[in-house]
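Data first, discussion second: the structure below is written as structure tokens.
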Amino acid sequence: MQYQSTTLGAAGQWPHRILAPGALPVSVAAVLLSALLVGAPAPRPPRPALVVVLTVDQLAAFYLERHGTELQGGLARLLRGGAVFGQAMQDHAITETAPGHAVILSGRYPVHTGITSNLFGVEDKEAPLVEAAGPGASPRRFQGSTLVDWLQRAEPKARVLSVSVKDRAAILPVGRSKAAVFWYVTDGRFTTSRWYADTLPTWVRTFNARDLPRRTAGTAWTLLRPADTYAEPDAVAYEANGSADNVFPHRIPADSAAAASYVRATPFIDGVTLDLALAGVEAMQLGRGPATDLLAVSLSATDVIGHRYGPDSREAHDNLLQLDRSLGRFLDSLFVLRDSTRILVALTADHGVAAFPEHSAAFGTEGGPVHVTLEGPMDSLQTWLTSRGVEQPAVFLENGALLANRTALAAAKISADDVARRFVALSAGQPGVQRAATMEMLAASDTLRDVAARRWLHMFAPGGIALAAVTLEPGSVWGTRGAAEHGTPHAYDVDVPLVLMGPGVRAGRYGAPVRITDLAPTLAVLMGVKPTERIDGRVLSEAIARPPR
């Protein structure tokens, strides 16, 4: 199996730093034994008993650059004791939750997983929820395999658990595998869909019966530290969509049903998710062999809080400190349950985030980032299509990608290339637009130096559903809602952490650019399994001390 990779050129690099931990007395016998073994290869570590993949939704790399010296818990342990890749990226253009999570354990870009946006993610009415109300969900749209498939092919007895607040964040890391996959519904419980099971296992029902989210009713999210230790202002007008809920303490509703929904916008929900993961480790006996087991945990509070209050808020700062503490408690508990020397931990994120355009206006200069919709160009394009006999919408815009029903266009004898060129002409020069290009124009670019073109081509193949793509000016965002957003190919949206810690990993700081597609093949080597198809990532061999036995 050969791992495929494209070398980044100088333009694909950026200054990007994340913060890092003698000799014991030995006996004469040990010295003599060491002398006898000079030149002998170091013993290979055993394969990990448990691989834990931690994904923090919207954990932009700049959070760790800003606040890394303040961390003392689980994030600090990973950053100071693991292999830290200071220039890691999600190397695709539509940086949303679904595409990012589909990349993490597949080693493939969205153009190959088929998951190109949240809209085309996991919602599936044919896979209703189990013992809960809400939209059904499944990985039906996901294409290809993941590390889970590679593991279970090599080790049929391997056990896999994936948990998150979000359905897409729990489902997509494991692909189409029928693993144990659970996510949160707003009544305060975790569930799954009939893609995976017809009933909830007893341990999940028991966990739900603890009613942890509802028990937050009437409490408040308060600052972890004294208020004067936070540099960010509180009570910023554009935060929380302009509501009064923009200042600490953030009161959780006294009604338990309302609390179960509101708690998703507080750090408490990450603690609940990690508690569920620990309960699953014990109930499913993960890490007790004989095969390597896999635990995937995606934490969602950073994303919800980031959207609501923005990455420059006091809330985002405090949430990072709370996340650090929650991960510290999780790792401490996990290492009590299982031998820490047999646990391999990976930390990453699905995407980053941009500042509020309003924040940039308040602290920057006039003529800065704006909200962009392209309603005018799309209305003009649709009017032209209607005049040409297209009776139903044949095109729509999704995060800058012009997507088309090529069958409808062909039936009206309209060239898709003509549609693409017309859209590009209408969109170019609009406020907030940096560049509009057809997919063919992007394919003709030098993708080593043209970062945006490369990332769009990692989303869609020319000749497919996408006809053209619009890249926004840095800082500008899609939509009009009062929330911080992500979804562009710019550095603040693609730069994410990547950390490995555990058996077979050479701890240290690695400065070369790497991609999140590299995580799955690297974990595969450390676990002693092989991909079952061609993938886009490479093995991060520089951080492997020696492959396990």
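Checking the condition at pLDDT 95 or above, part of a strand (DSSP E or B), closer than 30 Å to ASP312 by Cβ and of a type outside the set (Val, Ile, Thr), which residue from ARG455, ARG435 passes?
Details: ARG455 fails: part of a strand (DSSP E or B).
After ruling out the rest, the residue left standing is ARG435.
How many of the residues in region 273-297 are closer than 18 Å to LEU323 by Cα and not in a helix (DSSP H, G or I)? If you could, list the steps in order and put the result at the bottom.
Here is the first cut: in region 273-297, the residues closer than 18 Å to LEU323 by Cα are 273-278, 296-297.
Checking the rest, the ones that are also not in a helix (DSSP H, G or I) come to 296-297.
Total satisfying the criteria: 2.
Taking region 418-432 as the region of interest, how many residues are in contact with an Asp or Glu (Cβ under 9 Å, 6 or more places away or on another chain) and either over 26 Å from PRO369 (Cβ atoms) or part of a helix (DSSP H, G or I) (or both)?
To start, the set of residues in region 418-432 that are in contact with an Asp or Glu (Cβ under 9 Å, 6 or more places away or on another chain) comprises 420, 431-432.
With either over 26 Å from PRO369 (Cβ atoms) or part of a helix (DSSP H, G or I) (or both) added as a condition, the list becomes 420.
Result for region 418-432: 1.
Which residue, of GLY188, GLY121, GLY175, GLY134, is over 18 Å from THR532 (Cα atoms), assigned by TED's automatic domain parsing to the domain that holds ALA258, within 17 Å of the chain's Cα centre (by Cα) and among the small types (Gly, Ala, Ser)? It would help to see each step written out before you state the result.
Details: GLY188 fails: within 17 Å of the chain's Cα centre (by Cα); GLY175 fails: over 18 Å from THR532 (Cα atoms); GLY134 fails: within 17 Å of the chain's Cα centre (by Cα).
Only one candidate passes the filter, namely GLY121.
Inside region 309-405, counting only helices (runs of 4 or more DSSP H) that do not spill past its ends, which hold 2 or more residues that are under 30 Å from GLU65 (Cα atoms), among the aromatic types (Phe, Trp, Tyr) and outside the structural domain of ALA437 (by TED's automatic domain parsing)?
Details: elements: 314-337, 357-363, 375-387.
In region 309-405, 314-337 are the helices (runs of 4 or more DSSP H) which contain 2 or more residues that are under 30 Å from GLU65 (Cα atoms), among the aromatic types (Phe, Trp, Tyr) and outside the structural domain of ALA437 (by TED's automatic domain parsing).
State all residues of region 88-116 that are in contact with a Pro (Cβ under 6 Å, 6 or more places away or on another chain) and either over 13 Å from THR348 (Cβ atoms) or among the charged types (D, E, K, R) (or both); if no residue qualifies, say none. Before you say what the answer is, go through the steps one by one.
In the first step, residues of region 88-116 are kept if they are in contact with a Pro (Cβ under 6 Å, 6 or more places away or on another chain); the result is 92-93, 99, 101, 104-105, 107, 110, 115-116.
Correct list: HIS92, ALA93, PRO99, PRO110, ILE115, THR116.
From (1) farther than 29 Å from PHE268 by Cα; (2) in contact with a strand residue (DSSP E or B) (Cβ under 9 Å, 6 or more places away or on another chain), pick out the condition that doesn't hold for PHE330.
Just one mismatch for PHE330, condition (1).
For VAL163, state whether it is assigned to a helix (DSSP H, G or I), of a type outside the set (Phe, Trp, Tyr) and either at pLDDT 95 or above or at negative phi (or both).
Numbers: assigned to a helix (DSSP H, G or I): no; of a type outside the set (Phe, Trp, Tyr): yes; either at pLDDT 95 or above or at negative phi (or both): yes.
No.
Working carefully through the options LEU19, LEU32, find the one that is modelled with pLDDT under 95, loosely packed, with under 11 Cβ neighbours inside 10 Å and either of a type in the set (A, V, I, L, M, F, W, C) or within 30 Å of VAL281 (Cα to Cα) (or both).
One residue alone meets the criteria, LEU32.
When only residues in region 160-193 that are of a type in the set (D, E, K, R) and closer than 24 Å to THR116 by Cα count, which is surrounded by the fewest Cβ atoms within 10 Å (Cβ to Cβ)? Before you say what the answer is, go through the steps one by one.
Residues of region 160-193 of a type in the set (D, E, K, R): 166-168, 176, 178, 187, 189.
With the extra rule that they be closer than 24 Å to THR116 by Cα, the set shrinks to 166-168, 176, 178.
Values: LYS166: 25, ASP167: 28, ARG168: 26, ARG176: 19, LYS178: 13.
Here the residue is LYS178.
Among the numbered criteria (1) over 22 Å from ILE544 (Cβ atoms); (2) touching a strand residue (DSSP E or B) at 6+ places or on another chain (Cβ under 6 Å); (3) acidic (Asp, Glu), which single criterion is violated by GLU96?
The one condition GLU96 does not meet is (2).
Just wondering, is there one or more residues in region 107-120 that are among the β-branched types (Val, Ile, Thr), part of a helix (DSSP H, G or I) and on the phi < 0 side of the Ramachandran plot?
Here is the first cut: in region 107-120, the ones among the β-branched types (Val, Ile, Thr) are 111, 113, 115-116.
Then keep just the ones that are part of a helix (DSSP H, G or I); that gives 111, 113.
Restricting the remaining residues to those that are on the phi < 0 side of the Ramachandran plot gives 111, 113.
Yes, there is a match, as at least one residue in region 107-120 is among the β-branched types (Val, Ile, Thr), part of a helix (DSSP H, G or I) and on the phi < 0 side of the Ramachandran plot.
Can you work out which of the residues in region 473-502 that are aliphatic (A, V, I, L, M) and in a loop (DSSP other than H, G, I, E, B) is surrounded by the fewest Cβ atoms within 10 Å (Cβ to Cβ)? Walk me through it before giving the result.
Quick first cut of region 473-502, residues aliphatic (A, V, I, L, M) only: 477, 483-484, 491, 494, 496, 498-501.
Still in the running and in a loop (DSSP other than H, G, I, E, B): 483-484, 496.
Working: ALA483: 19, ALA484: 27, VAL496: 27.
The selected residue is ALA483.
The values are calculated or read from the model by the stated rules, or taken from the named source; none is laboratory data. Quantities reported herein were computed from a predicted structural model and do not represent experimental measurements. Neighbour counts are summed over all protein chains in view; Cβ atoms, including those assigned to glycine, are modelled from backbone coordinates with ideal geometry.
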